[in-house]
Amino acid sequence: MEIVAISTFLVMGVGLGILHAFDPDHVAAVGGISVADGPRSPYWRFAVHWSLGHGTAMLMLAAAVFILGFAIPAQLSNFAEQTVAYMLIAIGGYSLWRFYSGLGSGQNADVESPRAITSAPLIGLIHGTAGSAPLLAILPASKLANPIIGVAYVTLFSVGVALGMLVLGTLLAQTFKQVGRVGALYQGLIQAAIGLFALILGIFLVLH
């Protein structure tokens with residue numbers, strides 16, 4: 001019976017991870033930084049790189065809690081949350097700037113920004129430290145007596161996040177592909193909408 005309960009708990013970690021990937025701030029960050037480079041941007045690569053950063057943060061926190069016995073300071077989570085808010089503002093502003101400068105309408109659509117790709121793990125790292133990630137993964141798991149189970153839960157949670165991000169990247173790619181058949185202008189409008197969403201969400205998080 002205990003094995004069934006543990007297995008259910010671990011599987012639940014994957015499910016919660018998938019749901020966690022679609023948090024508004026995650027969608028705004030990954031969507032904003034990926035669409036900023038135009039309709040042919042490698043969305044799945046942004047999503048995977050973000051997931052690697054997010055998972056690294058989660059596993060580092062899990063190791064600190066379960067193996068080293070550390071308590072995660074609230075100041076760290078609060079600082080990360082504020083950093084996420086300002087990052088969303090920057091991402092939204094950057095995406096809107098790319099759109100209004102003409103890149104969002106199809107010009108230089110083949111240009112891929114190495115800076116944007118390399119920044120995705122850092123954004124994921126900060127996201128993994130902030131917000132609901134500790135609540136969904138580390139706090140429930142920290143009640144377990146077995147550190148191995150706790151780390152396994154966080155690992156599977158991170159796998160779920162990666163799967164969710166792959167789905168998000170695929171949805172973005174397919175959306176741009178289908179809209180592109182209508183016209184590049186509509187692709188640019190989607191880019192601007194995602195950038196505006198990231199900007200507004202970032203401002204909201206700063207004020208609250």
Scanning the stretch 150-175 for residues that are of a type in the set (Ser, Thr, Tyr) and closer than 10 Å to GLY55 by Cα, which turns out surrounded by the fewest Cβ atoms within 10 Å (Cβ to Cβ)? THR155
When the residues of the stretch 180-205 are filtered to those that are in contact (Cβ under 8 Å) with a residue 12 or more places away in the chain and small (Gly, Ala, Ser), which remaining residue is nearest to GLN82 (Cα to Cα)? GLY202
If I ask for residues that are modelled with pLDDT of 80 or more and crowded, with 17+ Cβ neighbours inside 10 Å, which ones from the stretch 176-187 would you list? VAL179
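State yes or no: is PHE66 of a type in the set (Phe, Trp, Tyr) and at pLDDT 80 or above? Before you say what the answer is, go through the steps one by one.
Values: of a type in the set (Phe, Trp, Tyr): yes; at pLDDT 80 or above: no.
Considered against the rule, which asks whether it is of a type in the set (Phe, Trp, Tyr) and at pLDDT 80 or above, PHE66 comes out as no.
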Would you be able to say whether some residue in the stretch 107-121 is surrounded by fewer than 18 Cβ atoms within 10 Å (Cβ to Cβ) and at pLDDT 80 or above? no
Hey, could you check the stretch 56-88 for residues that are surrounded by 18 or more Cβ atoms within 10 Å (Cβ to Cβ) and β-branched (Val, Ile, Thr) and say which is nearest to ALA29 (Cα to Cα)? VAL84
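Within the stretch 89-103, take every residue that is part of a helix (DSSP H, G or I) and of a type in the set (Ser, Thr, Tyr) and give me the one that is surrounded by the fewest Cβ atoms within 10 Å (Cβ to Cβ). So that I can check it myself, show each step before the final result.
Kept after step one, since they are part of a helix (DSSP H, G or I), are these residues of the stretch 89-103: 89-100, 103.
Keeping just the survivors that are of a type in the set (Ser, Thr, Tyr) gives 94-95, 100.
Values: TYR94: 18, SER95: 30, TYR100: 13.
The residue in question is TYR100.
The values are calculated or read from the model by the stated rules, or taken from the named source; none is laboratory data. In this text the structure is predicted, and so the values were computed from the model without any measurement. No Cβ is skipped: glycine too gets one built from the backbone with ideal geometry, and neighbour counts run over all protein chains shown.
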